[in-house]
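Single-structure report; data block below.
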Amino acid sequence: MRVLVVEDDRRIAADVTQALQAAGHIVETVRDGEEAWFRGDTEDYGAIILDLGLPGMDGLTVLKRWRANSRRTPVLILTARGSWAERVDGIDAGADDYLPKPFRMEELLARLRSIVRRSAGHASSLVSAGDISLDERQMRICARGVPISLSPLEYRLAAYLLLHRGRVVSQQELSENIYGQDDAHDSNAIEVLLGRVRKKLGPSLIETRRGFGYLVPDRVG
């Protein structure tokens, strides 16, 4: 999944980026409010981690502008501001969750998984489609309870489609959420990768909707 980290503290940004990458995410970072607003308003991300104390434009203003422009990307707020009134302001502005500093990376990852699941309509970290199940916390995909060996790219593709099952995902959206900026790939890369995943997970799990994208249906036969 493609995640935007908006944090002006370089050490915190680096630590969060490292943790997210270790969890299999594609990470982009920005350090000021103006650029954060532009990125979040013009790019599609699976989730955004947003600090409130930003130079240029504060995080709360950034978030309000996103929501005013109907940007519904899940947003997890990070802040050193600890008062309950400021937390209420953040939630009322459209934040999906709120994590005060200092925090543990395990909690950040858990809260991130939670807001992404909720945005996709799932309540549990275990997502199933037919005989295939995804455990986000363990970063594991199983068939009938047996773990399947997948490369990092194969896991990202399968996990993204499983998490968004019941919705057609365009090739562009899928590509943006499984490839990093430095990953070289051509226009046929998604189809090749899908072919490998279908061999491992079964041909009926992922449907191709010509001209629209790919779908893991709610019910897999």
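The values are calculated or read from the model by the stated rules, or taken from the named source; none is laboratory data. Small disclaimer: the values here were computed from a predicted structure and weren't measured. Cβ atoms come from the backbone with ideal geometry, glycine included; neighbour counts cover every protein chain shown. The area values use the complete protein model at the heavy-atom level, side chains included, leaving out ligands, DNA and RNA. Shrake-Rupley method; radii C 1.70, N 1.55, O 1.52, S 1.80 Å.
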Just one listed residue, out of R144, R104, is among the charged types (D, E, K, R), loosely packed, with under 13 Cβ neighbours inside 10 Å, farther than 20 Å from G202 by Cα and free of Cβ contacts under 8 Å to residues at least 40 places away in the same chain, and it is R104
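Which count do you get for residues in region 174-202 that are open to solvent by 40 Å² or more (accessible area, probe 1.4 Å) and either in a helix (DSSP H, G or I) or modelled with pLDDT of 90 or more (or both)? Steps first, please.
First pass over region 174-202, keeping only residues open to solvent by 40 Å² or more (accessible area, probe 1.4 Å): 176, 181-188, 191-192, 196, 198-200.
Still in the running and either in a helix (DSSP H, G or I) or modelled with pLDDT of 90 or more (or both): 176, 191-192, 196, 198-200.
Looking only at that region, the number is 7.
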Select from region 113-158 the residues that are part of a helix (DSSP H, G or I) and in contact with a helix residue (DSSP H, G or I) (Cβ under 8 Å, 6 or more places away or on another chain) and write down the one among them that is modelled with the lowest pLDDT.
A120
Is there any pair linking a residue in region 1-26 that is farther than 19 Å from L174 by Cβ to one that is modelled with pLDDT under 95 and of a type in the set (S, T, Y), with Cβ under 8 Å and at least six apart or on different chains, and which?
none
Is region 72-83 home to any residue that is open to solvent by 10 Å² or more (accessible area, probe 1.4 Å), at pLDDT 90 or above and out of contact with any Lys or Arg (no Cβ under 8 Å at 6 or more places or on another chain)?
yes
When you go through (1) closer than 24 Å to M1 by Cα; (2) at pLDDT 85 or above; (3) surrounded by 15 or more Cβ atoms within 10 Å (Cβ to Cβ) one by one for T42, which number turns out not to apply?
(3)
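Select, from L78, L52, the only residue that is over 18 Å from S119 (Cα atoms), in contact with a strand residue (DSSP E or B) (Cβ under 6 Å, 6 or more places away or on another chain) and in contact (Cβ under 8 Å) with a residue 60 or more places away in the chain. Write out each step before concluding.
Working: L52 fails: in contact (Cβ under 8 Å) with a residue 60 or more places away in the chain.
Going through L78, L52 in turn, just one is over 18 Å from S119 (Cα atoms), in contact with a strand residue (DSSP E or B) (Cβ under 6 Å, 6 or more places away or on another chain) and in contact (Cβ under 8 Å) with a residue 60 or more places away in the chain: L78.
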